[in-house]
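Novice: Below is the structure I would like to discuss, written out as structure tokens.
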Amino acid sequence: MSDTQNRHSTDVVIIGAGPVGLFAVFECGMLKMRTHVVDALDMLGGQCTALYPEKPIYDIPAHPSIDGADLIDRLAEQAAPFNPTYHLGQQVTTLTREGEGWLVGTDKGTVIEAKAVIIAAGVGAFGPNKPPLDGLEQYEGSGVFYMVKRRADFAGKRVVIAGGGDSAVDWANSLSEVAEKVMVVHRRPKFRAAPESVSRMDALIASGKIELVVPYQLSGLEGVGGKLTGVRVADLDDHEKVLDADVLLPFFGLAMNLGPIADWGLEMEKGHIAVDQRTLATSAPGIHAIGDIANYPGKLKLILCGFAEAAMAAHAIHPRVHPDVALHFEYSTSKGKPGA
Ligand code: FAD
């Protein structure tokens, strides 16, 4: 792609296509502001898609229960009438002042000129905490996975899940419905997960659907020709045993890395971007931060709070994008069909 093809101009660049970034497309669209959205992942949805696509979320208003992936499909559908341009699979690395606006640059050479920027970058570039096992890389993507995209991929498999938090317990419960065998490896018998999930797992252990391997930790991998055949585990006295397995799912949490965001000269607070709670404005003019990345007194890292922040940020940005148009607050019911 030539330099000119890779250079764009828009009203607002949204960094991050998680649930909050996607809803910001809608809110900007309702105020007639065009958007480009950049995400390092090659898919929409941020944490919902990458970490818990098939888990039900219970606290989205008017959806008593909605799976992570379904929520993202709905948000993308709601944003679609405003024709956002998505630049996926590229990380925003530079954010520099250009006149009254900003120039957003990615690691793939895309440059977008914008009047304002909304940072909806969640926990930043995130990646899994990996267990220190020899030869781990050769099984990654074939026998070792750090997230579950589709439960069906594990149907009929012998699955070892390692970890003691929500992901380990929830996926053990869920995969026990489709896998041939589920084994849960943890250093101690106590799990740091929601009590009702732990109770459910206890019941599945009692009925033989899940095998508990405690107190053990991972010590090695066994395989033939790049295909995983077993997971070695060791107890606290270093006594080893091998669990015959096709798949290892190590769930040791996420390493959160703000990456380049920390170098953009914005005021930060404990690894988050400090914002004015009323406008979600950062310390730089025309740059607003919303969702998990934003911090203000009383902040709750919930999707529904991020949705409200998207609306507030869009209204605060409007005078910068349309300085000659007075902004009259209007309900969507009076404004009419989005995009029309
Ligand atoms: P994210 O979803 O984190 O998306 C941010 C996006 O920004 C990512 O896709 C990332 O790749 C991208 N990005 C970051 N840096 C850059 C960069 N420099 N360039 C380009 N792209 C970048 N919340 C609830 O409200 N209810 C729940 O029930 C709930 N359950 C949860 C269960 C689990 C297991 C987890 C992990 C979280 C849960 N959450 C829940 C939290 C919820 O997922 C987050 O609050 C939400 O995803 C935040 O949305 P976001 O759009 O701010 O950020």
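Novice: Please list, or write none, the aspartates and glutamates whose alpha carbon is within less than 19 Å of the alpha carbon of Lys181, excluding same-chain residues fewer than 8 places away.
Specialist: Asp153, Asp170, Asp202, Glu211, Glu222, Asp244, Asp246
Novice: What is the sum of charges, Lys and Arg at +1 and Asp and Glu at -1, for the other residues whose Cβ falls under 11 Å from the Cβ of Val92? Don't jump to the answer; show the numbers that get you there.
Specialist: On the way: positive: Lys108; negative: Asp39, Asp107.
Its environment carries a net charge of -1.
Novice: Could you tell me what percent of the accessible area of the stretch 1-124 is made up of carbon and sulfur, with a 1.4 Å probe and every protein chain present?
Specialist: Values: 2710 of 5240 Å².
Here it works out to 52 percent.
Novice: Taking the chain as a Gaussian network, where each spring joins two C-alpha atoms under 10 Å apart, which residue of Ala121, Ala155, Ala194 fluctuates the most?
Specialist: Greatest mean-square fluctuation among the candidates belongs to Ala194.
Novice: Next question. Near Leu302, within a Cβ-to-Cβ distance under 11 Å, what is the net charge of the other residues, with Lys and Arg +1 and Asp and Glu -1?
Specialist: -1
Novice: Follow-up question, since we're still on this one. Considering only protein heavy atoms, what per residue accessible area in square angstrom results for the stretch 202-279 with a 1.4 angstrom probe?
Specialist: Ligands and nucleic acids excluded, the result is 55 Å² per residue.
Novice: Quick one: if you stick a label point 7 Å off each Cα along the C-beta vector at Met268 and Asp235, how many nm between them?
Specialist: 4.4 nm
Novice: Shifting gears a bit: At most 14 other C-beta atoms within 10 Å and a DSSP loop state: those are the exposed GluC sites (Glu not before Pro) I care about. Give me the longest piece of the chain that has none.
Specialist: 1-99
Novice: Still on this model: Taking only protein heavy atoms into account and a 1.4 Å probe, give the accessible area per residue of the stretch 134-183 in Å².
Specialist: Details: 2100 Å² over 50 residues.
Accessible area per residue, the stretch 134-183: 42 Å².
Novice: Let me ask another. Can you tell me what the convex hull of the Cα atoms of the stretch 210-340 projects to on average, as an area in nm²? Don't skip to the answer; put the middle values down first.
Specialist: Numbers: hull surface 62.8 nm².
The Cα convex hull of the stretch 210-340, projected and averaged over all directions, gives 15.7 nm².
Novice: Turning to a different aspect of this structure: Starting from the exponent 0.38 and prefactor 2.2 Å, build the expected Rg for the chain from its residue count and divide its actual Cα Rg by it. Don't skip to the end; give the middle numbers.
Specialist: On the way: Rg = 22.6 Å, N = 340, 2.2 N^0.38 = 20.2 Å.
Compactness ratio reported: 1.12.
Novice: If you take every residue apart from Gly165 with its C-beta less than 14 Å away from the C-beta of Gly165, what net charge results, scoring Lys and Arg +1 and Asp and Glu -1? Let's see the in-between values first.
Specialist: Working: positive: Lys55, Arg187, Arg188, Lys190, Arg192; negative: Asp166, Asp170.
Once positives and negatives cancel, what remains is +3.
Novice: Show which lysines lie in cross-link reach of Lys270 when reach means a straight Cα distance below 24 angstrom and same-chain residues fewer than eight apart are skipped.
Specialist: Lys130, Lys299, Lys301
Novice: Quick one: Cα centre-to-centre distance for the stretch 208-240 and the stretch 67-88, in angstrom?
Specialist: Their Cα centres are 40 Å away from one another.
Novice: Share of the stretch 130-252's accessible area from carbon and sulfur, percent, 1.4 Å?
Specialist: 48 percent
Novice: Pop out the Kirkwood hydrodynamic radius of the stretch 130-252 from its pairwise C-alpha distances, inverse of mean 1/r, in Å to one decimal.
Specialist: Result for the stretch 130-252, one decimal place: 14.2 Å.
Novice: Ok, one more. Efficiency by 1/(1 + (r/R0)^6): what FRET value for Asn257 and Ala326, r their Cβ-Cβ distance, R0 = 25 Å, to the nearest 0.05?
Specialist: Between Asn257 and Ala326 the formula returns 0.05.
Novice: Same structure, new question: Mean separation of Cα pairs under 8 Å and 6+ residues apart, divided by the residue count of the chain: what relative contact order is that in percent?
Specialist: On the way: 717 pairs, mean separation 66.2, N = 340.
Normalised by residue count, the contact order of the chain is 19 percent.
Novice: If exposed chymotrypsin sites (Phe, Trp or Tyr not before Pro) are those in a DSSP loop with at most 10 other Cβ within 10 Å, what is the longest stretch of the chain that has none? Mind dumping the intermediate values first?
Specialist: On the way: sites that count: Tyr58, Phe329, Tyr331.
Formally, the longest exposed-site-free interval is 59-328.
The values are calculated or read from the model by the stated rules, or taken from the named source; none is laboratory data. Please read all numbers here as calculations on a predicted model, not as lab measurements. Glycine also receives a Cβ, built like all others from the backbone with ideal geometry; neighbour counts cover every protein chain displayed. Protein only, heavy atoms only, side chains kept; ligands, DNA and RNA dropped before computing areas. Shrake-Rupley method; radii C 1.70, N 1.55, O 1.52, S 1.80 Å.
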